[in-house]
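For reference, the structure discussed in these notes is given below.
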Amino acid sequence: MRKHPLGLAIRNVSKRYANGVQALDNVSLDIPPGMYGLLGPNGAGKSTLMRTLATLQEPDEGALFLGDIDVVNQKEAVRQTLGYLPQEFGVYPQARAEELLDYFAVLKGITNRAERRATTEALLRQTNLWDKRKQKLGGYSGGMRQRFGVAVALLGNPRLLIVDEPTAGLDPAERVRFLNLLSELGENSVVILSTHIVEDVSELCTKMAIINQGQILLEAEPLEAVASLKGRMWRKLTDKTALPALKREHQVILAKLLSGRTLVHVHSPDRPGHGFEAVEPDLEDVYFGAMAGCFGTASRQPQVEGIAR
Ligand code: ADP
């Protein structure tokens, strides 16, 4: 993929923590403007990469460029154009939404009062919190807090917006509302959605990468990746006891409970045998397929017993 002048280029980034964990292992990605999904299980290295992009920590090796800006060496320039919604977004429970957003706007450098009022009103309306603007944040639901976090992150029209695991604690209705909000964000900025939830990516992102154990397993357009598995995914409903034998004989990419039985997805160019039926692949097959090495790059320890959501 060609480097985009307004996009993000990540080159050979590695990070090992003091405890010896290799959180990022030679990661390279090209992220164009628009909504980009970074998908991987807990512990994959997503937050480490997001914190590095947000200039909160430095890599041991490698470089990151936002357009022309060298992220590691021009931190101030990145911070001026960055919106970051971290995994744990702490709020002051006694503060009212309107007041706190106004305060953050001052910190962001919007010193003109009229401009600040117009900006905060637009953001509170965009995040659907205008009617709740006088409410204390301590009384906000998880979804409202996340949407408030987006309002804060969008102050100053960032070119790079990072949203780290935003839907993890949300109920289904809040999740839909939150994803709708993200989908409306501009196409001129880079929006990175880091998540372990496959549906977040399939519903929103035109491009994505799958990461596990600090390594990029697949960089793709979700629809293309799904299409590439067409005719190669097979399913069988079986008993848990039959699983070890199936794993020995076939490339089992996913085994999940279904009404007390075990549903197995197998990757194979031909029908794997008796009792298997063809299944229309989806992004979950891509995700677990990437973990199992169906795209040529297996993680160090394939995970097959994913809890599919
Ligand atoms: P993810 O966001 O995908 O869950 P993280 O980037 O948080 O992954 O973590 C990647 C790996 O690095 C994990 O094994 C995690 O335990 C480890 N890790 C994360 N932060 C630290 C830290 N500050 N010190 C030591 N190990 C860490």
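With the condition kept exactly as written, say whether any residue in segment 246-267 is touching a Phe, Trp or Tyr at 6+ places or on another chain (Cβ under 7 Å), modelled with pLDDT of 90 or more, surrounded by fewer than 19 Cβ atoms within 10 Å (Cβ to Cβ) and not in a helix (DSSP H, G or I). The answer is no; no qualifying residue exists.
For Gly20, the test of being assigned to a loop (DSSP other than H, G, I, E, B) and more than 7 Å from the ligand (Cβ to nearest atom) is passed. Output yes when any residue across segment 25-48 is more than 19 Å from Leu185 (Cβ to Cβ), over 17 Å from the mean Cα position of the chain (by Cα) and assigned by TED's automatic domain parsing to the domain that holds Leu155, and no when none is. Within segment 25-48, one or more residues are more than 19 Å from Leu185 (Cβ to Cβ), over 17 Å from the mean Cα position of the chain (by Cα) and assigned by TED's automatic domain parsing to the domain that holds Leu155. In the condition set (1) within 16 Å of the ligand (Cβ to nearest atom); (2) at negative phi; (3) modelled with pLDDT of 95 or more; (4) among the small types (Gly, Ala, Ser), Ala63 is compliant with all but (1).
Within segment 122-138, does at least one residue satisfy the condition of being outside any loop (DSSP other than H, G, I, E, B), touching an Asp or Glu at 6+ places or on another chain (Cβ under 8 Å) and within 30 Å of Asn42 (Cα to Cα)? Checked segment 122-138: no residue is outside any loop (DSSP other than H, G, I, E, B), touching an Asp or Glu at 6+ places or on another chain (Cβ under 8 Å) and within 30 Å of Asn42 (Cα to Cα). Of all residues in segment 215-231, those satisfying the criterion of being within 25 Å of Gly45 (Cα to Cα) and hydrophobic (A, V, I, L, M, F, W, C) are Ile216, Leu217, Leu218, Ala220, Leu223, Ala225, Val226.
Being more than 13 Å from the chain's Cα centre (by Cα), touching a residue at least 24 places away in the same chain (Cβ under 8 Å) and closer than 22 Å to Tyr140 by Cβ is a description that does not apply to Val226.
Being within 16 Å of the ligand (Cβ to nearest atom) and either surrounded by 15 or more Cβ atoms within 10 Å (Cβ to Cβ) or assigned to a helix (DSSP H, G or I) (or both) is the filter here, so list the residues in segment 73-118 that pass it.
Filtering segment 73-118 for residues within 16 Å of the ligand (Cβ to nearest atom) gives 84-89.
Once the filter is applied, which keeps residues that are within 16 Å of the ligand (Cβ to nearest atom) and either surrounded by 15 or more Cβ atoms within 10 Å (Cβ to Cβ) or assigned to a helix (DSSP H, G or I) (or both), segment 73-118 yields Tyr84, Leu85, Pro86, Gln87, Phe89.
Taking every residue in segment 53-72 that is in a helix (DSSP H, G or I) and pairing it with any residue that is loosely packed, with under 15 Cβ neighbours inside 10 Å and at pLDDT 95 or above, at least 6 positions away or on another chain, yields no pair with a Cβ-Cβ distance below 8 Å. Pairing each residue of segment 23-40 that is farther than 21 Å from Leu283 by Cα with any residue that is within 11 Å of the ligand (Cβ to nearest atom) and β-branched (Val, Ile, Thr), provided the two are 6+ apart or on different chains, yields C-beta distances under 8 Å for Ala23/Thr48; Leu24/Thr48; Leu24/Thr52; Val27/Ile211. Gly45: of a type in the set (Gly, Ala, Ser), at pLDDT 95 or above, over 24 Å from Arg147 (Cβ atoms) and exposed (fewer than 14 other Cβ atoms within 10 Å of the Cβ), yes or no? Criteria not met by Gly45. With respect to Tyr36, determine if the residue is of a type in the set (Phe, Trp, Tyr), more than 9 Å from the ligand (Cβ to nearest atom) and surrounded by 17 or more Cβ atoms within 10 Å (Cβ to Cβ). Considered against the rule, which asks whether it is of a type in the set (Phe, Trp, Tyr), more than 9 Å from the ligand (Cβ to nearest atom) and surrounded by 17 or more Cβ atoms within 10 Å (Cβ to Cβ), Tyr36 comes out as yes. Only a single item in (1) at pLDDT 95 or above; (2) buried (at least 18 other Cβ atoms within 10 Å of the Cβ); (3) under 30 Å from Glu184 (Cβ atoms) is not met by Gln215, and it is number (3).
For every residue, the table says whether it meets (1) assigned by TED's automatic domain parsing to the domain that holds Leu38; (2) hydrophobic (A, V, I, L, M, F, W, C).
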| residue | (1), (2) |
| --- | --- |
| Leu181 | yes, yes |
| Asp239 | no, no |
| Pro244 | no, no |
| Ala255 | no, yes |
| His267 | no, no |
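The values are calculated or read from the model by the stated rules, or taken from the named source; none is laboratory data. What you are looking at is a predicted structure, and each value in this text was computed from that prediction instead of being measured. No Cβ is skipped: glycine too gets one built from the backbone with ideal geometry, and neighbour counts run over all protein chains shown.
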